[in-house]
2 protein chains.
Amino acid sequence: MAGEQAAPGPRALVLCSGGVDSTTLLARAVRDFGADNVVALSVSYGQRHARELDAARAVAAHYGVEQRFLDLAAIFADSDCSLLAHSDEPVPEASYAEQLDGAEGVVSTYVPFRNGLFLSSAASMALSLGCSVVLYGAHHDDWAGSAYPDCSPAFVEAMARAIAEGTGGELRLEAPFVNENKAAIVAEGLALGVPYELTWSCYEGGEHPCGACATCLDRAAAFAANGVPDPALAPRD
Amino acid sequence: MAGEQAAPGPRALVLCSGGVDSTTLLARAVRDFGADNVVALSVSYGQRHARELDAARAVAAHYGVEQRFLDLAAIFADSDCSLLAHSDEPVPEASYAEQLDGAEGVVSTYVPFRNGLFLSSAASMALSLGCSVVLYGAHHDDWAGSAYPDCSPAFVEAMARAIAEGTGGELRLEAPFVNENKAAIVAEGLALGVPYELTWSCYEGGEHPCGACATCLDRAAAFAANGVPDPALAPRD
């Protein structure tokens, strides 16, 4: 009707770590919902460095989406996870498979129920911000071999049900990459023109990625599988 | 073996609001696990008053259990829930049933996915503190009629599964009251000698409970059903 305002479309909240997977998910969300209807949520949890939050900031700015930050570090004050700044444990320099060496269990970089906490925080904020969906970038390589149980399809399915039930059906959780590997995600991101040069994956801080930790190895392999160099590793001036 | 230290028993983390249900749950946990193996977690979420946290503090001191506090108010900064200090909405002076008046939906005192967030925070902290179980005092009267979807058996079951899956089976969630009404909980608590005079349920702050909000009405009915006066309403000097 003339003079009537366009009805606002559905809104989505995307958990954004500044890494490859969630940045690709953000690109999909902007395509599907429009930048005005997307909120990026980035969480501090006491990680060793703020480099990944800087990356999340750069990515959100690139896409022109609203961004929120949360600091949940107090919740992990007693954890001995090696990813945390207060931990004395070194971050292992090996792939997840090498760390587990065929054994069951979780790697030392598992932050206790971190992703359950992130998703619940995202759900609370999403409802407050008028979003009807929370998007989560968990993918196959995160949970295969039990490296991160809070990325598994069984976990995602249970959290999706908890969020649907606990919000009276007002909100849903989607994790479209949960059965895809990182190489497939990068392929999709390259087609979407994702600015991977802005992203950060390395568990260590510093100027450049270390190239040796599990997430650096994963990332390098995903770009190699697509036949392109990782732009985050490209030579800088 | 002589000289060997006694193996520590299993440990439990109890979400403690300072109200009737979680205080009764704490009493059960102390009975079942021993006070040294119980951690009470109390959460600020931007509620209108700190009176219930004072009550939680008094209850934990009574039982001599370790207590942790968390402030998650930032997560609800954008919520218009009437329980929050920044909200302009008044807290309704009516029972849950009167507020809903037969309609589907949630009451204005529903805090967005609050209990999912509390349980996830509790799970993260419980793992860090060596607990194998999180105890949650949701009960029948909270969810009947959809008043609080994040207290329902379906929600509890989904969260229990999410916590079991997301922690690789290291942690479980139990909500032993989820199918009991408040009168039954009070009956159990009276038998356990729970110091209900230390608890606080009222949505309003102040020196004494208002006696008019939904939770005051619920509480009064639960004590009346047990034929005893509510000690929190007893005349004071």
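Here, each number is a calculation from the coordinates, and none is a lab measurement. Only a predicted model underlies this, so the values are computations on that prediction, with no experimental measurement involved. In this analysis, Cβ positions are derived from the backbone assuming ideal geometry, glycine residues included, and neighbour counts consider all displayed protein chains.
So what is the 222 nm mean residue ellipticity for chain B from helices alone, if each DSSP H run of at least 4 adds -39500 (n - 2.57) and you divide by all residues, rounding to the nearest 500 deg cm²/dmol? Don't skip to the end; give the middle numbers.
Values: 8 runs with 88 residues, N = 237.
Mean residue ellipticity, 222 nm, calculated: -11000 deg cm²/dmol.
Would you kindly give the portion of the calculated P(r) for the stretch A:125-237 that falls above 20 Å, as a percent of all Cα pairs? Mind dumping the intermediate values first?
Details: 3267 of 6328 pairs.
Percent of Cα pairs beyond 20 Å in the stretch A:125-237: 52.
Report, in order of residue number, the helices in chain B meeting two criteria: a C-alpha extent of 20 Å or more along the helix axis, and a mean Kyte-Doolittle hydropathy of at least -1.0; treat each whole DSSP H run as one helix. Don't jump to the answer; show the numbers that get you there.
Values: long enough: B:114-128 (21 Å, 0.66).
Taking the DSSP H segments of chain B (at least 20 Å long, mean hydropathy at least -1.0), we get B:114-128.
Counting Lys and Arg as +1 and Asp and Glu as -1, what is the net charge of the other residues whose Cβ lies under 15 Å from the Cβ of A:Ile75? Each step should come with its number before you reach the end.
Numbers: positive: A:Arg114, B:Arg68; negative: A:Asp71, A:Asp78, A:Asp80, A:Asp150, B:Asp71.
Every neighbour counted, the sum reads -3.
Any chance you could check the Cα centroid distance between the stretch B:156-181 and the stretch A:127-164 for me, in angstrom?
If you average the Cα positions of each part, the centres end up 17 Å apart.
Which whole-number percent gives the relative contact order of chain B, counting Cα pairs below 8 Å spaced six or more residues apart?
Details: 424 pairs, mean separation 53.0, N = 237.
In percent, rounded to a whole number, it is 22.
How long are the semi-axes of the ellipsoid equivalent to the stretch B:1-87, from square roots of 5 times the Cα gyration tensor eigenvalues, in whole Å, largest first?
Numbers: eigenvalues 211, 34, 18 Å².
Semi-axes, largest first: 33, 13, 9 Å.
Under 8 Å for C-alpha pairs, at least 6 residues apart: give me the relative contact order for the stretch B:4-48, rounded to a whole percent.
Values: 43 pairs, mean separation 20.0, N = 45.
44 percent.
Using the Kirkwood radius over C-alpha pairs as Rh, can you work out the diffusion coefficient of chain A via Stokes-Einstein at 20 °C, viscosity 1.002 mPa s, in µm² per second? Could you put the intermediate results ahead of the total?
Values: Rh = 18.3 Å.
For the chosen part, D equals 117 µm²/s.
For the stretch B:198-237 and the stretch A:1-78, what is the separation of their Cα centres, given in Å?
Using only Cα atoms to place each centre, the spacing works out to 43 Å.
If the viscosity is 1.306 mPa s and the temperature 10 °C, what translational diffusion coefficient in µm²/s does Stokes-Einstein give for the stretch A:197-237 when Rh comes from Kirkwood over Cα pairs?
Working: Rh = 10.5 Å.
Estimated via Stokes-Einstein, D reaches 152 µm²/s.
Would you grab the residues whose amide H sits under 5 Å from the one on B:Val39? Only those 5+ places off in sequence or on another chain, please, with H modelled 1.01 Å from N.
Those lying under 5 Å, H to H, from B:Val39 are B:Ala12, B:Leu13, B:Val14.
If every alpha-carbon in the stretch A:169-223 counts as one equal scatterer, what log10 I(q)/I(0) does Debye give at q = 0.28, 0.32 1/Å?
The computed values of log10 I(q)/I(0) come out as -1.17, -1.26.
Starting from the 7 Å offset along Cα-to-Cβ, what nm value, one decimal, do you get for the label separation of B:Ala183 and A:Ala191?
The modelled label-to-label distance comes out at 6.2 nm.
Over the stretch A:103-227, calculate the relative contact order: mean separation of alpha carbon pairs under 8 Å at least 6 apart, over the residue count, as a percent. It would help to have the intermediate numbers written out before the result.
Values: 140 pairs, mean separation 27.6, N = 125.
Reported as a whole number, the value is 22 percent.
Given points 7 Å out from each Cα along the Cα-Cβ axis, report the A:Ala212 to B:Ala85 separation in nanometres with one decimal.
Result for the modelled spin labels: 4.8 nm.
For the protein assembly as shown, treating each Cα as an identical point scatterer without solvent, what Debye log10 I(q)/I(0) comes out at q = 0.08, 0.12 1/Å?
Rounded to two decimals, the profile gives -0.50, -1.04.
Using only the C-alpha atoms of the stretch B:24-72, find the volume of their convex hull and express it per residue in Å³. Intermediate values should be presented prior to the final figure.
Working: hull volume 3.3 nm³, N = 49.
Enclosed volume per residue, from the Cα hull, is 67 Å³.
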